[in-house]
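> Can you read through this structure? Questions will come right after.
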Amino acid sequence: MTEGQRAYETKRAAKAGVSLDKWLSMKVQEREQLVAKAAAATAPAKKPGFFARLMERATKPIG
């Protein structure tokens, strides 16, 4: 982290009322939560149920 970045994060931590170390650990936790949320959103879709498959077959043309 550069001097400018460190100063900026120190100001933000002071504004939030926490130490710099705690502020950085909070940011890491938030980032990990976002990654986990994105991974959960990309879960494979559930296969269609019985009636959905039946309707799909019923609407297909014969032949």
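The values are calculated or read from the model by the stated rules, or taken from the named source; none is laboratory data. It should be emphasised that the depicted structure is a prediction, and the values quoted were computed from it without experimental measurement. Glycine gets a Cβ as well: all are built from the backbone with ideal geometry, and neighbour counts include every protein chain shown. Heavy atoms of the whole protein, side chains included, go into the accessibility calculation; ligands, DNA and RNA do not. Shrake-Rupley method; radii C 1.70, N 1.55, O 1.52, S 1.80 Å.
> For segment 23-63, what are the residues that are of a type in the set (Phe, Trp, Tyr) and surrounded by 10 or more Cβ atoms within 10 Å (Cβ to Cβ)?
Let us first name the residues in segment 23-63 that are of a type in the set (Phe, Trp, Tyr), namely 23, 50-51.
Correct list: 23 only.
> Scan segment 14-50 residue by residue and report those that are part of a helix (DSSP H, G or I) and among the hydroxyl-bearing types (Ser, Thr, Tyr).
The one that is part of a helix (DSSP H, G or I) and among the hydroxyl-bearing types (Ser, Thr, Tyr): 25.
> Cβ-Cβ under 8 Å, sequence separation 6+ or interchain: first residue in segment 1-13 and under 15 Å from residue 25 (Cβ atoms), partner polar (S, T, N, Q). Which pairs?
These pairs meet every condition: 13/19.
> Only one of (1) in contact with a Lys or Arg (Cβ under 9 Å, 6 or more places away or on another chain); (2) assigned to a helix (DSSP H, G or I); (3) open to solvent by 100 Å² or more (accessible area, probe 1.4 Å); (4) of a type in the set (D, E, K, R) fails for residue 11. Which number is that?
(1)
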